[in-house]
Amino acid sequence: SMGSEQEFVIPLEVDKVSELGGKTSKIHYFADLPWHISVNRFYCGNNTFFLRVYIHCNEEGDEREWNCASQCTVRLLHSSGDENLAAARQTFAVHAQARTAFAIDMITWNEVIDQAKILLNAAFSDLSW
């Protein structure tokens, strides 16, 4: 069945950034599918780490055939919420066989290591299924 959702946002707050191993948001239901985001410190080689954000859709899975497409803008904010540290936008499609939609390297680890707390907002728009 076709449907559309104008926009939804999944927030994720990270305390003690310097100690981050990984963190996962709560699950949010859109288009009858469970979505969440997660973040970790990702090693990219050459002694470089990035703050990497993952978008997850329907990971537990079910037998239904399904697919959906969306554009996602991920914003990384200071804990005060008033300034973007970084932003990234990506269009993606997910379906029953590909449940982790994508990973985005937001910012180098050295650029966030001194933040006491950060806030990630993943805003999905143009969601269709």
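The values are calculated or read from the model by the stated rules, or taken from the named source; none is laboratory data. Everything numeric here is computed off the predicted structure, so don't read it as measured data. Every residue, glycine among them, receives a Cβ derived from its backbone with ideal geometry; neighbour counts consider all protein chains shown. The accessibility values were calculated without ligands, DNA or RNA, using every heavy atom of the protein model including side chains. Shrake-Rupley method; radii C 1.70, N 1.55, O 1.52, S 1.80 Å.
Observations on the structure shown:
- Filter result for T48 (more than 14 Å from W129 (Cβ to Cβ), free of Cβ contacts under 8 Å to residues at least 60 places away in the same chain and touching a strand residue (DSSP E or B) at 6+ places or on another chain (Cβ under 8 Å)): no
- The condition of being in contact with a His (Cβ under 9 Å, 6 or more places away or on another chain) and at pLDDT 85 or above holds for only one of L20, L76, L12, that being L12.
- Tally of residues being of a type outside the set (A, V, I, L, M, F, W, C), farther than 19 Å from R89 by Cβ and open to solvent by 30 Å² or more (accessible area, probe 1.4 Å) across the stretch 37-73: 13
- The set of residues in the stretch 26-41 being among the hydrophobic types (A, V, I, L, M, F, W, C) and touching a residue at least 12 places away in the same chain (Cβ under 8 Å) consists of F30, A31, L33, W35, I37, V39.
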